Amino acid sequence: MGTRVTLKDVAAAVGVSPATVSLVLNGKPVRISDERRAQIQKVASSMRYRPNQAARALVTRRSNMVGLVVPDIENMFFSSLFKALEDVAIRDGYSVIVANSDDSRERERSLICGVSARGVDGLFLVPALQSCAQEAALRRDVEECPCPVVFVDRLVDSGYCDGVGVDNEEGGRLAAKVLIDSLAVGAHDARKGRVGCVCVERVDGISDLRFRGFADALAKAGVPLDAECIVKGDYRYSSGYEAADRLLDAGVGAVFCENDLMAMGLRRRVEERGLHVPEDMSIVGYDDVLPRFGLLNDLTTISQNVDALAAECWSVLRERFARPKAPARTSRIQPHLVTRSTVFGV
């Protein structure tokens with residue numbers, strides 16, 4: 001293992017003081033010639049000098065690190081969110097630490113303490129489902145955190161913390177509209193046009209809004225949504241797979257899944273039963289992250305625009321750095337429909 005090159009090493013190689021080297025490498029004014037300045041930069045580069053971030057943080061009180069706590073890192077939406085956040089943060093010289101709460105309140109609390117103890121400058125938090133159901137406890141965690149916190153995606157109804165999410169009610173309406181349009185062109189005559197939904201227990205507020213927008217749009221169009229056509233899921237592939245038999249046996253021909261992973265599982269089971277998408281069942285997902293992983297490139301879905309979401313998250317945190325005592329605010333990104341072949345076919 002190599003030895004870390006220090007400011008003293010660079011200074012000795014050039015024949016100047018460590019303070020002079022520090023001023024030059026940090027772009028600060030110093031009374032030396034341009035030639036000497038260039039020499040210091042060249043020697044530092046050739047010696048592969050890297051600043052000691054821990055020491056710098058003690059001086060600047062900034063670590064140039066932020067944390068991200070997500071409920072399920074195996075969920076492709078959260079993986080995509082991490083990548084998008086990292087891309088935007090790195091442009092400002094920040095790195096991102098990610099941790100997985102597994103939707104557990106206790107694990108989340110431990111992670112908030114652990115990540116903040118590493119001296120991060122800010123924390124992005126997608127609250128665990130258990131925390132969404134215990135908002136008073138979640139609020140205590142946020143208020144005790146030594147750095148600014150921004151809620152992401154799952155926005156609890158509060159005015160004590162910044163938040164960035166998507167207009168999920170509008171997303172539900174968009175899903176309903178495309179399925180209503182598919183019924184209008186006769187895509188589901190064989191299955192009598194019954195519409196179904198795979199939704200999540202609505203403790204996080206997100207599913208509630210998606211379902212509300214979906215159900216309201218169907219009602220306004222006069223399209224029934226019967227109780228037997230509503231199946232509970234948990235945002236995971238397996239719950240979509242398990243929902244397929246109930247929906248098919250109920251004669252459902254058009255389904256809205258509240259995320260892409262459940263849509264993926266649903267489709268797999270539909271095809272295992274010898275049926276076809278969209279001829280026997282149209283499917284609409286939510287997130288639009290699967291193509292990033294080379295999966296289900298033909299899925300009609302509601303895009304949450306992860307890149308725009310990440311950019312807004314970063315903007316909100318930077319604003320909080322600049323105005324630490326400003327009132328908390330919530331920002332929402334508008335979703336949009338991405339129409340592919342799982343509704344109207346090729």
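The values are calculated or read from the model by the stated rules, or taken from the named source; none is laboratory data. What you see is a predicted model, and the numbers here were worked out from it, not measured in a lab. So basically every Cβ, Gly included, is an ideal-geometry build from the backbone, and we count neighbours across all protein chains shown. What goes into the accessible areas is simple: the full protein's heavy atoms, side chains included, and nothing from ligands, DNA or RNA. Shrake-Rupley method; radii C 1.70, N 1.55, O 1.52, S 1.80 Å.
A few notes on this one:
- Rounded to the nearest 10 Å², the accessible area of Cys161 at probe 1.4 Å: 10 Å²
- The convex hull around the C-alpha trace of the range 78-161, projected and averaged over every direction, spans 5.3 square nanometres.
- With a simple spin-label model that places each label point 7 Å from the Cα along the Cα-to-Cβ direction, the separation between Arg323 and Ala227 comes to 4.9 nm.
- Three principal axis extents describe the C-alpha atoms of the chain; from largest down they are 85, 44, 34 Å.
- Helix 34-46 axis, angle to the chain major axis (alpha carbon atoms, nearest 10°): 60 degrees
- Unit Cα scatterers, Debye sum, the range 202-346: log10 I(q)/I(0) for q = 0.11, 0.12, 0.21 Å⁻¹: -0.48, -0.56, -1.38
- Accessible area per residue, Å², the range 228-305 with all protein chains present, probe 1.4 Å: 35 Å²
- Of the residues Arg210, Arg292, Arg194, the one that moves most in a GNM of the chain with alpha-carbon contacts below 10 Å is Arg292.
- In the chain, helical runs assigned H by DSSP with n ≥ 4 each contribute -39500 (n - 2.57); averaged across all residues and rounded to the nearest 500, the mean residue ellipticity at 222 nm is -14000 deg cm²/dmol.
- Distance between modelled label sites at Asn297 and Arg246, nm, 7 Å Cα→Cβ extension: 3.4 nm
- Taking a sphere under 9 Å around the Cβ of Ala250 and counting the other residues whose Cβ falls inside, with K and R at +1 and D and E at -1, yields a net charge of -1.
- Surface share of carbon and sulfur [accessible, 1.4 angstrom probe, percent] for the chain: 49 percent
- For the range 280-330 and the range 227-277, distance of Cα centres in Å: 24 Å
- Stretching His276 away from Asp181 to a fully extended chain increases their span by 32.3 nm, per 0.36 nm per residue minus the current alpha-carbon distance.
- Shape analysis of the range 268-346 based on the Cα gyration tensor places the equivalent ellipsoid semi-axes at 38, 11, 10 Å, largest first.
- Solvent accessible area, Å² - Val98, 1.4 Å probe, full protein context: 50 Å²
- Heavy-atom SASA rank of Thr20, Thr342 (probe 1.4 Å, accessible area, largest first): Thr20, Thr342
- Relative contact order [Cα under 8 Å, 6+ residues apart], the chain, whole percent: 16 percent
- Highest-MSF residue in the chain out of Ile90, Ile302, Ile112 [GNM, Cα springs under 10 Å]: Ile90
- Among Gly165, Gln130, Phe211 - extreme Cα towards positive end, dipole of the chain, charges at beta-carbon: Gly165
- Within the full protein context, the accessible area of Met262 is estimated at about 0 Å² for a probe radius of 1.4 Å.
- Using alpha-carbon coordinates, inclination of helix 168-184 to the longest axis of the chain, degrees: 40 degrees
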